[in-house]
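Working notes for the structure below.
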Amino acid sequence: MVDTEKQFTAAFERYADELFRHATLRLSDRERALDLTQETFLRAWAYVSRGEEIHDYRPFFYRTLHNLIVDEYRKHKTTSLEQMVESGEGGETVESLLPADETNALEAAMDRFDGKRALAALAKLADPYREVLALRYIEGFSPKEIAESIEESENVVSVRIHRGLKKLRTLMEPEAQS
Amino acid sequence: MKFTEEFKNEGLRVRLTVQEKATLRARLSERMALNPASPLVQSPYHFFIFNHVVLQRTFAALILFVFVAGSGGGTSYAAQTALPGDLLYAVKIHVNEFVEIALATTPTAKAEAQAVLAERRVEEAQDLASQGKFTTTVAEQLQLQLDEHVAAAQSLTEVLEIEDPGAAAQISTQLASSLAVNDAVLSHLGEQSPDEETKNTSRKFAVRVRMHATAAAEANKPVKESKRVVLERRSEPVAVAAKAAKVMSIAATTSEPVPQVAAPAPDEGSLSGQAVAAQLKARTRLVLGRIHALSLKDEKLAEYVQTVLASTSVLMSAGDTAFGAADYDTAVVQFDTALQSAVELETYLKAERRFDGALPRVGDIDLLPDND
């Protein structure tokens, strides 16, 4: 087997599960997730087989998958995604200037919540938040790695994580103080 | 953090079924067969010409011919110390190691070859770490290679276990022990590096190596089996004594003849246990021989070596005694522990030699992992 093929196959074995998992968490639809995971690998192979180099498979796969997911949402015209993307990260609000340590405090406050319920609540969040929360807390990406994978700045990523956690908390405890 | 742990664990439950993964794999293979990688695709190490399969095989055959003819290949010898990033690294991998694997014809030799290659990848990582050149990109590639070789060694040993459990056992022990020490060495070199990227990459890579070391030890079925038997037997004397006491008390109250306490049935696996013990002993002696042959300048180090050798020789004697008494399971455990000690020591000494001064002096930090 040619070296490239060996490496690609090894990368498949290594990342297939986590990519599928990520797709499922983003789409809440196992069938579609399976299709998109397959599509991710096929596209990546097309890229590699025509002579392009992939230095780091993991972010490459995630980027490809992310683009496919965004297309998926656009197809189904879910307005919440557009809304969130437009209004959420557009202007500088007081919230966006919050430092990252507030996130740790949030995490600590969430300690009394059940992880299982939290996962169910995740499905109710808009996609941009689902994405960063899943990457951060389930796949274990650092904010820097997330930034690389979804092609946003680290700042945007931190803010999105923070907001995502807040919204998650609100979903799980309707009577929570803001 | 409780929340984040639970959240993560719940999330990790989502996974592909075996069926689903197999389907994905099949579709991907199909596509890869339909659209193969262009032969002029650059290898990660930019020595693209060697990706051309035909050329590779021709060159390898040439090298093999030269090898066999005994005149030695200049290029391939120089390539032996190449690191990822060097021009000659591609020769090392695609020619030298290609030949190494090709020369391994028996199942034992094949498993051995893969284990050696796995160890070599870790040594390369160490060299890069000590030079501060261990980038994330290179680490990814090395890790893929390492994973492959370990997986290959593991599956080959699994098959080998059926026919030649002794060979399988010594390869597994050797691999687990050398990886464990090399993981510690890599961690240390990474920590010492002034380069941030090298530091982080070394740490991550070392974790991976440690994982493989543990897995290799876990997969060592012949030794595990003997350990199990020995442990079980330790609780047996109590059971046997209790049974004997019961029999005696029955005899005291009746006039019936005392039934004999049945002697334990001969161990079914005793034949293979004998072979395993013998092979583990042989390998240990081999490694010890190599250690003895090393001349050590540092007195403190020489002292340390003597101490380890002394304890190893105690283990060997215990093994011999058990072997002589046909207690092959105990012999296996003793010889295996001796082999672990010997391999750990040899691996440390080899690393010491390569990174003279960079490794902690023996006695300052305990570099060798604990024996479980």
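The values are calculated or read from the model by the stated rules, or taken from the named source; none is laboratory data. Because the structure is a prediction, the values reported are computed rather than measured. Here the Cβ is made from the backbone with ideal geometry for all residues, glycine too, and neighbour counts use every protein chain on show. The accessibility values were calculated without ligands, DNA or RNA, using every heavy atom of the protein model including side chains. Shrake-Rupley method; radii C 1.70, N 1.55, O 1.52, S 1.80 Å.
Listed residues B:27, B:120; which is among the charged types (D, E, K, R), in contact with a helix residue (DSSP H, G or I) (Cβ under 7 Å, 6 or more places away or on another chain) and modelled with pLDDT of 85 or more? Give the derivation first.
Values: B:120 fails: in contact with a helix residue (DSSP H, G or I) (Cβ under 7 Å, 6 or more places away or on another chain).
None of the other options fit; the residue is B:27.
Of all residues being facing chain B (nearest Cβ under 9 Å) and surrounded by fewer than 20 Cβ atoms within 10 Å (Cβ to Cβ) in the range A:39-48, which is nearest to residue A:131 (Cα to Cα)? Just the residue, please.
Looking only at the range A:39-48, we keep the residues that are facing chain B (nearest Cβ under 9 Å), and these are A:41-42, A:45-46, A:48.
This time we only want the ones that are surrounded by fewer than 20 Cβ atoms within 10 Å (Cβ to Cβ), so: A:42, A:46.
Working: A:42: 22, A:46: 25 Å.
That would be A:42.
Quick one: is residue A:30 within 9 Å of chain B (Cβ to nearest Cβ) and open to solvent by 10 Å² or more (accessible area, probe 1.4 Å)? Give the steps one after another, and end with the answer.
On the way: within 9 Å of chain B (Cβ to nearest Cβ): yes; open to solvent by 10 Å² or more (accessible area, probe 1.4 Å): yes.
So residue A:30 fits the description; yes.
Does residue B:158 meet the test of being more than 14 Å from chain A (Cβ to nearest Cβ) and under 26 Å from residue A:3 (Cα atoms)?
Values: more than 14 Å from chain A (Cβ to nearest Cβ): yes; under 26 Å from residue A:3 (Cα atoms): yes.
The answer is yes for residue B:158.
Inside the range A:1-20, can you point out the residues that are out of contact with any helix residue (DSSP H, G or I) (no Cβ under 7 Å at 6 or more places or on another chain) and either at the interface with chain B (Cβ under 7 Å from one of its Cβ atoms) or modelled with pLDDT of 90 or more (or both)? Walk me through how you get there before you give the answer.
Start the filter on the range A:1-20 by keeping residues that are out of contact with any helix residue (DSSP H, G or I) (no Cβ under 7 Å at 6 or more places or on another chain), which leaves A:1, A:6, A:9, A:13-14, A:17-18.
Within the range A:1-20, A:9, A:13, A:14, A:17, A:18 meet the criteria.
Hey, could you check the range B:350-369 for residues that are within 23 Å of the chain's Cα centre (by Cα), farther than 12 Å from residue B:301 by Cβ and open to solvent by 40 Å² or more (accessible area, probe 1.4 Å) and say which is modelled with the lowest pLDDT?
The residue in question is B:366.
Can you name the number of the only condition in (1) open to solvent by 10 Å² or more (accessible area, probe 1.4 Å); (2) under 24 Å from residue B:351 (Cα atoms); (3) in contact (Cβ under 8 Å) with a residue 40 or more places away in the chain that residue B:225 fails?
(2)
Using beta carbons and a limit of 6 Å, which pairs, at least six apart or on different chains, have the first residue in the range B:105-130 and part of a helix (DSSP H, G or I) and the second one of a type in the set (Phe, Trp, Tyr)?
B:125/B:205; B:128/B:134; B:130/B:355
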